[in-house]
1. Evaluate 2.2 N^0.38 Å with N set to the residue count of the stretch A:424-533, then give the Cα radius of gyration divided by it.
2. Roughly how tilted is helix A:328-342, in degrees to the nearest 10 and between 0 and 90, from the longest Cα axis of chain A?
3. So for the stretch A:345-469, if I pair up every lysine 8 or more residues apart or on another chain, how many of those pairs have alpha-carbons under 22 Å apart?
4. Test of understanding: what is the full-extension gain from A:ASP554 to A:ASP159, defined as 0.36 nm times their sequence separation minus their Cα-Cα distance?
5. List the lysines whose Cα sits under 25 Å from the Cα of A:LYS321, skipping any in the same chain fewer than 8 residues away.
6. At R0 = 51 Å, how high is the FRET efficiency between A:GLU438 and A:SER324 if r is their beta carbon distance? Nearest 0.05 is fine.
7. Provide the percentage of antiparallel DSSP beta bridges, counting only those with both residues in chain A; round to the nearest 5.
8. First compute the accessible area of the stretch A:345-469 with a 1.4 Å probe, then give the percent of it belonging to carbon and sulfur atoms.
Amino acid sequence: MGSDESKTDGMDFIRQIVADDLASGKHDTVVTRFPPEPNGYLHIGHAKSIVLNFGIAQEIPGGRCHLRFDDSNPETEDMEYVEAIQRDVRWLGFDWGRHLYFASDYFEKLYGFAISLIEIGKAYVCSLSEEEIRSHRGTVTQPGTDSPYRDRTVEENLDLFRRMRGGEFTDGEHVLRARIDMAASNMKMRDPLLYRIRHAPHYRTGDAWCIYPMYDFVHCLSDALEGISHSICTLEFENNRELYDWIIDNVPAPSKPRQYEFARLNLNYTVMSKRKLVELVEGGHVSGWDDPRLPTIAGLRRRGCTPESIRKFCDRIGVAKANSVVDVALLEHSIRDDLNTKAPRVMAVLDPLKVVIVNYPEGQVEELDAPYFPDDPPRMGTRRVPFSRELFIERGDFMEDPPKKFFRLGPGREVRLRWAYFITCVDVKKDERGNIVEVHCRYDPQTRGGDAPDGRRVKGTIHWVSAAHALTAEVRLYDRLFDDPTPDGGKEADFIRHLNPHSLDTADARVEPSLRDALPGDRFQFERTGYFIADAMDHTASRPVFNRIVPLRDSWAKIAGKK
RNA sequence: UGGGGCGUCGACAAAUGGUAAGUCACGGGACUUUGGAUCCCGCAUCUGUAGGUUCGAAUCCUACCGCCCCAGCCA
């Protein structure tokens, strides 16, 4: 580490606050938490928060990060989600150790805090209907009006609240509210609801409760109970901070955590809101929560992204307070950047075109050596690739009437077959409709391995497989789910109509036989094409299935696209 | 026309009054048995706008403009 680097170099504003608090002695260490509600799957926006919270805890001696399920709404939460969330956080590479918590475990303590608030006259049972409460709240420009139940006596409130817990009332009959100020300019402070009656079984507490605390009451006190030092959340909770502090200050809380807010992650060409993700899954527009086109952690994992690349991506985007939209190209870059050093190279032809080497002996087969890591051959050694008279090359690597800058195969042109021979196209066979069905070439036996003893060079090198030896594999070519950078542009626009019809194209590819040994989850670079992973669910030795994680940068496509 | 936030390169994002980092994208070049990777070079005389303070302002002051959040018994 450069000693001339300033201490705060590379620190985001939250890390600076933490550093300041440590320096001033306000805290001895840091305790953060990641507090998902178990009512949906995690997405890459959550990854930003996870990387931030767990990351800070890792950086500070003695620091820790809790995983806490914020489960105070019995109607939407489920064990399925808590398991999925734990799996995702672990996969991302983080460990909460023994610090796994559930807000539902605090229900009894929370109830006690509510009682204490009632006892000092700072909370009351309100018996207005839902609609009445809404109308009494006023608007952003007009103050609200006091509830007629606002001045109930402490005894009456205590009695009513206990009976609420006891199940004497129906849903919506009463609520517990904080007694703050119905004219507050901050809407969140207009006597916010603390508890509501819900005769619904909770996935963890069963039917032990029929009253459930609201987010604002649960969150700050859960933080306080766990001794959280820095409670980091997203921008939309800025207005809630005043209430967060008010509750902590008016209850015998064991500690006083501070809340800090940062901007949530937005990515172009996708949607991130839970509601829209649910719509995609339930509407059958994708195959499930782990569809490789989704920005969910499960989807990214199935797609083949490495956890390292996602962590790196989160580091690169930074943490700040300005609403922003990150270019998905940065995510793709992070993925390539990571896989470039990890994925062994192999050859696969996605859109096969037959090539006959007319001067190659019929029936002859050669085993050619090809390194898995051409830039670092010793790393993984080589595999044998069979070469024979009939091959497949990529249809896009041949043009009957190629432009000047096209460095691949064309009539009379010579190219190198990767790790094999130089070949020159001598003939083109077409069907009755004029489609090219076969290309005839001559090979130069002197160029075995890909080098010409006479020193002559070729401009292009293309990949290939031996027709008789290649394996057929299903290749799933994933692309952006939406063809519009802001599919939910504006507000509640119909994002479904911006679905990219080519977000999943399937191809029957021919892949080199060494891939027979690929195991589900193995990643490769199919040379000149992209990074692929043997699908975790569907890949088998007899029926190989590869997902495209991300294509390679393609400068020819760029040149061709300009014309 | 209440309150809370935020505006720095096409996209993120540093700079903490001392003369606009870095990354992605983009353009150009070198190298290359992947048109990949790698390596060079270029890319904000300027920080939403207009004034002011100061020797000096993205940073301080004033006014204005724009965008986001808050009126769930969701979180």
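1. 1.58
2. Roughly 60 degrees, rounded to the nearest 10.
3. Lysine pairs, 8 or more places apart or on different chains, close enough: 5.
4. Stretched out fully, the A:ASP554 to A:ASP159 stretch lengthens by 135.0 nm.
5. Straight-line reach from A:LYS321, under 25 Å: A:LYS7, A:LYS26, A:LYS48, A:LYS188, A:LYS256, A:LYS274, A:LYS276, A:LYS312, A:LYS491.
6. Taking R0 as 51 Å, the efficiency between A:GLU438 and A:SER324 is 0.45.
7. 70 percent
8. 45 percent
The values are calculated or read from the model by the stated rules, or taken from the named source; none is laboratory data. On a predicted model such as this, the values are computed, not experimentally measured, just so you know. All Cβ positions, glycine included, derive from the backbone under ideal geometry; neighbour counts span all protein chains shown. Heavy atoms of the whole protein, side chains included, go into the accessibility calculation; ligands, DNA and RNA do not. Shrake-Rupley method; radii C 1.70, N 1.55, O 1.52, S 1.80 Å.
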